[in-house]
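Okay, structure first, notes after.
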Amino acid sequence: MGEENVSEKGNVSDKEIAKGSNRTVIFDGSYGPRPARKAAVKRVVRVSSNVGCEEYNMYMEADGINNIVRCYGMKSDWRYVYLFLEPCICSLKDLVQIYSPYALQIFQSESEKMRLISVKNVLGNRVTLWKENDYPSPLLLKLMSDVVCGVMNLHENKIVHLNLAPRNILIAGKTPNLCTKLSAMAKSKKFRGDNFSSSSHYATYSEQLQFHHEAAKDLFLLGYILSFCIHGGKYPFSNPPERYNANHSPPEAADLISQLISKSADMRPKAIDVYRHPLFWNSDKKLLFLRDTSDMVEGNKRGRLSKELRKLKGQVIGSNWDTKIDSKLISAIEDRGVRFYRKYNYNNFPDLLRLVRNYFHHYLELPKEIQELLGSKPEGYYEYFETRFPKLIIEVYKVVRKFCKEEDGFQKYFLGNLAE
């Protein structure tokens, strides 16, 4: 295999990995003194003096930021600029297309099909992106969350990406511990100034407005990326994309994506709020949120929260909620011999929340057959109620977000430390 010696630090093989726009080609290569580290070398045609340099500078601005591809260095000659990048397995677009149930509809050519098959051989058969109900798997949710994290981290450093797309998001790691990283920083911008929270000589009000306007573009594109992942490589939008078709989507995804593609940039959530959205919560956190909500209602049954939650009956449960759960569970609910017995009103939505809370809290005290019916906690337990009341978490979340998000018991879900 031939090799072009670009410099004493960087080498480019003739093994082509991928092609990009504007005659950009990605080659296998290495960077650094021996033993050199492996690198993916992005070769950019040098049509002007600053081509490639601006992208390299943006990579340097983002160096050390989580979920951003690292750039090891840059070299150039009279024809090309070479960016030596952290090697990854494939793009997010590749990954979704490889495992999508619509793969045969997506492949554009036989050569493309063969390339993706070779990538799949590297990834293996332990990659599951969608559950049986077509909802995203824990792995896919984690990869989507990584993308959001990358955007959030850039925005916190006053950098906007402006070229977000499935092809520009790369998959790194080893199966099943994969992660996503943002790449293709050629169109990115860095906003200077140390204080963007108020008008100052460091960041004028006009500069703040410009940053928020550009950041809103990233958020719009983020909505497309999330929908691309959830729908197996398809974009379920009207034309023009003013409305999101929520069929076969988790209600949490429909809520988030609809906000991200809003016509009004001011209506789009900030990246940090996207990262905190319940679409990315695990089962345990969702159950804790429902528990905290129920406890708040129990402490003030005539309060505003209780009143607003009662209005959700039609949206979440339709008729009485006892018709949606197993008769064995109803019998257990009505067993007065149980230590934590209480009477439930099947026509009252907050009582359904209380049931979810109480049986989660007293799970180990339940008869074995009821535990088996509800499934293991937290995943199986939450899924039991999710399948019967798909809008349960998102509708409760929307009410709490509107009326109670600054309450002490809820700040951790809306305003708290991201590690919580």
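Mind checking the full-extension length gain between residue 345 and residue 406? Use 0.36 nm per residue of separation minus the Cα-Cα distance, one decimal, nm.
19.0 nm
Looking at region 91-179, which trypsin sites (Lys or Arg not before Pro) are in a loop (DSSP not H, G, I, E or B) and have at most 16 other Cβ atoms within 10 Å?
126, 131
For region 72-159, state which chymotrypsin sites (Phe, Trp or Tyr not before Pro) are in a DSSP loop and have at most 13 other beta carbons lying within 10 Å of their beta carbon.
Numbers: sites: 72, 78, 80, 82, 84, 99, 102, 107, 130; in loops: 78, 102, 107.
Passing sites in region 72-159 are 78, 102.
For region 361-393, run through the GluC sites (Glu not before Pro) and keep only the ones in DSSP coil with at most 16 other Cβ atoms within 10 Å of their Cβ.
none
Give me the distance between the Cα centres of region 12-44 and region 354-385, rounded to whole Å.
After rounding, the separation between the Cα centres reads 52 Å.
Filter 285/412; 190/270; 15/181 down to the pairs with a C-alpha to C-alpha distance above 19 Å, please.
15/181
Kindly provide the helix-only [θ] at 222 nm of the chain, computed as the sum of -39,500 (n - 2.57) over DSSP H runs of four or more divided by all residues, to the nearest 500 deg cm²/dmol?
-12500 deg cm²/dmol
I want the local charge near residue 167. Using Cβ-Cβ distances under 12 Å, sum +1 for each Lys or Arg and -1 for each Asp or Glu among the other residues.
+1
According to a simple spin-label model (label point 7 Å from Cα along Cα-to-Cβ), what is the distance in nm between residue 54 and residue 338?
Simple spin-label model gives 6.4 nm for this pair.
Any idea what % of Cα-Cα pairs in the chain are farther than 33 Å?
44
Once both labels are modelled 7 Å past Cα along the beta-carbon direction, what's the residue 376-residue 23 spacing in nm?
Rounded to a tenth, the inter-label distance reads 5.7 nm.
Give me the percent of accessible area attributable to carbon and sulfur for region 41-105, probe 1.4 angstrom. If you can, show how the numbers build up before the last one.
Working: 1320 of 2920 Å².
In region 41-105, the share of accessible area belonging to carbon and sulfur is 45 percent.
Kindly report the accessible area of region 95-169 per residue (heavy atoms of protein chains, probe 1.4 Å, no ligands, DNA or RNA), in Å².
Normalised by residue count, the accessible surface of region 95-169 is 48 Å².
Search the structure for amide H atoms under 5 Å from the amide H of residue 39, placed 1.01 Å from N in the peptide plane, and list their residues when 5 or more places away or on another chain.
29, 30, 31
Along Cα→Cβ, 7 Å out, is where each label goes; now give me the distance between the ones at residue 302 and residue 364 in nm to one decimal.
Between residue 302 and residue 364, the label points sit 3.9 nm apart.
For region 100-182, report the convex hull volume of the alpha-carbon atoms normalised per residue, in Å³, without decimals.
Numbers: hull volume 9.5 nm³, N = 83.
For region 100-182, the hull spanned by Cα atoms encloses 115 Å³ per residue.
Pulled fully out, how much extra length does the chain show between residue 14 and residue 133, if you take 0.36 nm times their separation in residues and subtract their Cα-Cα distance?
Working: separation 119, 0.36 × 119 = 42.84 nm, distance 4.39 nm.
Once the chain is fully extended between residue 14 and residue 133, it gains 38.5 nm.
Find how much the distance from residue 78 to residue 284 grows on full extension, using 0.36 nm per residue of separation minus their present alpha carbon separation; answer in nm with one decimal.
Values: separation 206, 0.36 × 206 = 74.16 nm, distance 5.69 nm.
Using 0.36 nm per residue and subtracting the Cα-Cα distance, I get 68.5 nm.
Distance check, please: which entries in 142/311; 343/368; 93/187; 217/398 exceed 28 angstrom between their Cα atoms? It would help to have the intermediate numbers written out before the result.
Values: 142/311 33 Å; 343/368 22 Å; 93/187 20 Å; 217/398 24 Å.
With Cα atoms farther than 28 Å apart: 142/311.
The values are calculated or read from the model by the stated rules, or taken from the named source; none is laboratory data. Treat the numbers as computed from the prediction; the structure is a model and nothing was measured. Here the Cβ is made from the backbone with ideal geometry for all residues, glycine too, and neighbour counts use every protein chain on show. Heavy atoms of the whole protein, side chains included, go into the accessibility calculation; ligands, DNA and RNA do not. Shrake-Rupley method; radii C 1.70, N 1.55, O 1.52, S 1.80 Å.
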